[in-house]
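This report refers to the structure that appears directly beneath it.
The values are calculated or read from the model by the stated rules, or taken from the named source; none is laboratory data. These numbers were taken from a predicted model, which means no experiment stands behind them. Here the Cβ positions follow ideal geometry from the backbone for every residue, glycine too, while neighbour counts run over all protein chains shown. Note: areas computed on protein heavy atoms with side chains; ligands, DNA, RNA excluded. Shrake-Rupley method; radii C 1.70, N 1.55, O 1.52, S 1.80 Å.
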Amino acid sequence: MSKRVTKPTEDPLWLKLTLGAVALAFVAVVLVLPLVLVFKEALAGGVDAFFNAMTEPDTLASVKLSLLAAAIAVPLNTVFGIAAAWAIAKFDFRGKTFLVTLIDLPFSVSPVVAGLVYVLIFGNHGWFGSTLADHDIRILFALPGIVLATIFVTFPFVARELIPLMVDQGRDEEEAAATLGASGFRTFLMVTLPNIKWGLLYGILLCNARALGEFGAVSVLSGKIRGETNTMPLHIQLLYDNYDYVGAFAVAALLAMLGLLTLAIKSFLEWRYADELAASHRH
Amino acid sequence: MKRIFFLLAVASILAATAAQAANISLLNVSYDPTRELYQQINRAFADQQKAKGDTVTISNSHGGSGSQARSVIDGLQADVVTLALAADIDAIARNGKLLPADWQKRLPQNSSPYTSTVVFLVRKGNPKQIKDWGDLVKPGLQVITPNPKTSGGARWSYLAAWDWAAKQPGGNAQKAKDFVARLYKQVPVLDSGARAATVNFTKRGLGDVLLSWEDEAHLSMKEMGGGAYQIVYPSRSILAEPPVAIVDRIVDRKKTRAVAEAYLRFLYTPQAQEIVARNYFRPRDPAVLAKYGKQFPTLPLATIDKDFGGWAKAQATHFANGGVFDQIYQPGR
Amino acid sequence: MSAVGLKFAPLKSQHVLPGFRLSLGFTIFYLTSLVLIPLLALMLRPFELGLDGVWEAISTPRVLASLRLSFGMALAAAIIDSVFGLIIAWVLVRYRFPGRAILDALIDLPFALPTAVAGIALSTLYAPSGWLGGILAEYGIKVAYTPWGVLIAMVFISLPFTVRTVQPVLAELGKDVEEAAATLGATRVQTISRVMLPMLYPAILTGCAMAFARAVGEYGSIIFLAGNLPGISEIAPLLIVIKLEEFNYAGAAAIGVVMLATSFVMLLALNAIQSWAARRR
């Protein structure tokens, strides 16, 4: 084999191999093994048992509930993420760092606490508890509570993705468009959106995956009523506690597949539009 | 994508309203090991009501007894609660004011239509020769039991251990405290619930003995293949009384009192007591108990009222913040 | 709203872009109603105990031990994830090899997998009867049901944060800097360690802090893998749950507030460093 001339910006082979091996080994042990285990347990009773577990009415109800909660929480957080990134990236104002930190805050709140805060507000002994009870409005132990908890834990995902991106891209293009007389909405649609669409898509996907998988916060305020307020992660625990390991891991595998599917779509889009992506990187 | 979500949303709302319009629905908030029991009870009760012309749907929620009580206090719309111990329903009465303080007097036998006790589950052949409470503190032995702070069943186990030590010749409160302290030093994992502990003992092969509800021990033998484990009855244990109650404030608002009361009364009928016994809970009905006598060996049992002065006192002494259980777990022991 | 608008008026008044008040107004409204007011409810709750009561609630040896464990292990996990996250991001951005897209997609798995499932899967793996637990047991290493179980679970759930913050910055980093360094005679290792790493520090730091913040609060996966023994392997969020079971909402909220305040100060310091670094650039 003839000696290849390495470009100065390319890593030497030994470094490539070492880093590659370390990265692969770490990912294999930390991420792949647990995933393999989930699928192995899900298929432990054969393919039929796997599909039977999937089509059980309570399981379907939990899938429906999780999708519904995500379908409400994710769009709301997306709108918020765009608004926050627009304000922060395109304007200067005092207290910006503080505001960015507040947006990050839900990341650092323990999921248990995230559930607890809504109990402190809407619970029977919370701030609005008695008012809500008088008017027979259900927030906790019903869909609104589950949605609130989901919004809270996925709050920063879209904003976090967009803010650095839009700060980086600056505001020259938008200012040019505005000076040429484009309306604000049009400027956003024609100038900003094409520049941020990848970050936006990625943020939405992450937000969605996390929304479907949230366990701790939702468990505090779901009430765990079988077939009614059990989300997919809670249903997994219920099945597991029922000695139904195949069922539990089948639903877990379904969740993992949903997550991997959205990420596969993202990879496909990136590959399909690779040229366009490269162009947008050059800004 | 959006359209699918929308359709799903509409479908689920329709499904929810349709389900509510057609029947009287009850919510039974219960603790962990009663899932199989109430699935069967609910079916039997619904059939009985159907014969009378009413359609009753009963939903169930299961979880740690304490956290279930807290959910009811915070607003979970439970028509009836069927929890692991009276202290948790007391808490609903005290902190939530959702039912009167004397709720336990409203139904026969301390409002407990079935009882259970604490037994040892060991591996087949009992390799470590565990026969009684005293054997649990042998050096090197590992005991699996959940955290009494979060699990109702574990509180019964703790009290059974305490009672055994206190009843030994020369036993007293200090000796009992020393014994439970030694016992919990043999516990490698404090799981939050009974089922998590059972899974650790059976599926993960952790520990030498599991302190368990009698019903839970039988069920796990059935579920996990009976050949691998056996049940050991200690020389004495405790009469565990899981109580039931209707939640007055909620049934009055939902206008479900009559059905909810009928549901709890149903638990005392011979038909329900049969189901109870088949799920390895000890029935109260003497005839049913006699019929299933073989699966429920008699042994001396302490009671919470006689030996511990009632749940309020036991809770305050042992499990409250700073109580005996906290004292035996001071860091740096 | 107008009061808020005034307070946050843009510094440069000649700004031509529209939508400042609308976007900032909505941001603040949404943030306040969904995050700040609920967190305020949390922060006010402990004070029904009085200041002494709060101090008493959080200064017991058991609470302190759990806070030490949560924060210490979260820091260790964040550092481990930062190192490996950097390597993984480097491999993903710089190298082309078959299966790269799969590797890339796998990184987000901890987001998609519910924490309880992660906990169950990890404990099955690391229990003495599991695939990894068995191997480790031969060397006398116990992971499951010890404080190291806490670390393993935290490393798992926080990994995406460190990879995903470094990855885009690395991708944007122009090759011109490297070329310049190489032209000036720097070896490859020197180029990486002296030129490129310093440019990545802000991203690495952000990733590390987010990983830390996420790990500190984690509950679902850890309780399956740690022994949960008071004073040894009991994490702070578990203690919050235990306080709740005792109907001690104020005590639970007090521990929650301590955790929240620490994380907040850390994130704030970090964002300040970030914006300072950005301005200097």
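See the values below:
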{"read-out": "Only Lys, Arg (+1) and Asp, Glu (-1) charged, at Cβ; the stretch C:49-280 dipole about Cα centre in debye", "value": "580 debye"}
{"read-out": "Helical segments meeting 15 Å axial Cα length and Kyte-Doolittle -0.5 threshold in chain B (DSSP H)", "value": "B:2-22, B:152-167"}
{"read-out": "Heavy-atom surface of the stretch C:49-280, accessible at 1.4 Å and reported per residue (Å²)", "value": "36 Å²"}
{"read-out": "Descending principal axes extents, the stretch C:49-280, alpha-carbon based, whole Å", "value": "66, 46, 30"}
{"read-out": "Nitroxide proxy distance, nm - points 7 Å out along Cα→Cβ at B:R182 and B:R94", "value": "3.2 nm"}
{"read-out": "Rg/Rh ratio calculated on Cα atoms of the protein assembly as shown (Kirkwood radius)", "value": "0.99"}
{"read-out": "Highest average packing first - B:235-243, C:47-55, C:89-97, Cβ atoms within 10 Å", "value": "B:235-243, C:89-97, C:47-55"}
{"read-out": "Cut-off 18 Å, label 7 Å out along Cα→Cβ of C:W131, residues of the stretch A:33-51 by amide N", "value": "A:33-46"}
{"read-out": "Computed E for C:I273/B:Q327 - FRET, C-beta separation, R0 45 angstrom, nearest 0.05", "value": "0.50"}
{"read-out": "Share, in percent, of DSSP beta bridges within chain B that are antiparallel, nearest 5", "value": "50 percent"}
{"read-out": "Structure-based [θ]222 nm, chain A - -39500 (n - 2.57) summed over DSSP H runs of at least 4, per residue, nearest 500", "value": "-23500 deg cm²/dmol"}
{"read-out": "Dipole of the stretch B:63-205, positive end: most advanced residue of B:G171, B:L159, B:Q129 [Cβ charges, Cα centre]", "value": "B:Q129"}
{"read-out": "B:T57-C:A180 pseudo-label distance in nm [points 7 Å out on the Cα-to-Cβ vector]", "value": "6.9 nm"}
{"read-out": "Fraction of accessible area attributable to carbon and sulfur, the protein assembly as shown (%, probe 1.4 Å)", "value": "64 percent"}
{"read-out": "Where A meets C: accessible area buried, both sides, 1.4 Å probe, Å²", "value": "8800 Å²"}
{"read-out": "Residue-by-residue Karplus 3J(HN,Hα) for the stretch A:222-229, coefficients 6.51, -1.76, 1.60, Hz, glycine and proline x", "value": "8, x, 6, 7, 4, x, 10, 10"}
{"read-out": "Selection from C:T124, C:A269, C:W55 lying farthest towards where the dipole of the stretch C:49-280 points positive, charges on Cβ", "value": "C:A269"}
{"read-out": "Contour minus Cα-Cα distance for A:V79 and A:F98 (0.36 nm per residue)", "value": "4.8 nm"}
{"read-out": "Dipole-positive endmost among C:I204, A:T59, A:P111 within the protein assembly as shown (Cβ charges, Cα centre)", "value": "C:I204"}
{"read-out": "Per residue value of the accessible surface for the stretch A:35-122 (all protein chains in place, 1.4 Å probe), Å²", "value": "31 Å²"}
{"read-out": "DSSP beta bridges in the stretch B:91-235 [antiparallel fraction, %, rounded to 5]", "value": "80 percent"}
{"read-out": "Student exercise, the protein assembly as shown dipole from Lys, Arg, Asp, Glu Cβ charges, in Debye to nearest 20", "value": "580 debye"}
{"read-out": "Percent antiparallel among DSSP beta bridges (both partners in the protein assembly as shown, rounded to 5)", "value": "50 percent"}
{"read-out": "Shape category assigned to the stretch A:153-283 from the gyration tensor of Cα positions, a/c cut at 1.5", "value": "prolate"}
{"read-out": "FRET efficiency for B:D305 and C:A261, using Cβ-Cβ distance with R0 set to 45 Å, rounded to 0.05", "value": "0.50"}
{"read-out": "Proximal charge balance of C:F97 [Cβ under 15 Å; K/R count +1, D/E count -1]", "value": "+1"}
{"read-out": "Nearest-20 debye value, the stretch B:108-225 charge dipole, Cβ charges on Lys, Arg, Asp, Glu", "value": "320 debye"}
{"read-out": "Under-5 Å amide H pairs with B:S25, H placed in peptide plane, nonlocal only", "value": "B:T57"}
{"read-out": "Efficiency of FRET from Cβ geometry, B:R278 and B:D252, R₀ 51 Å, rounded to 0.05", "value": "0.90"}
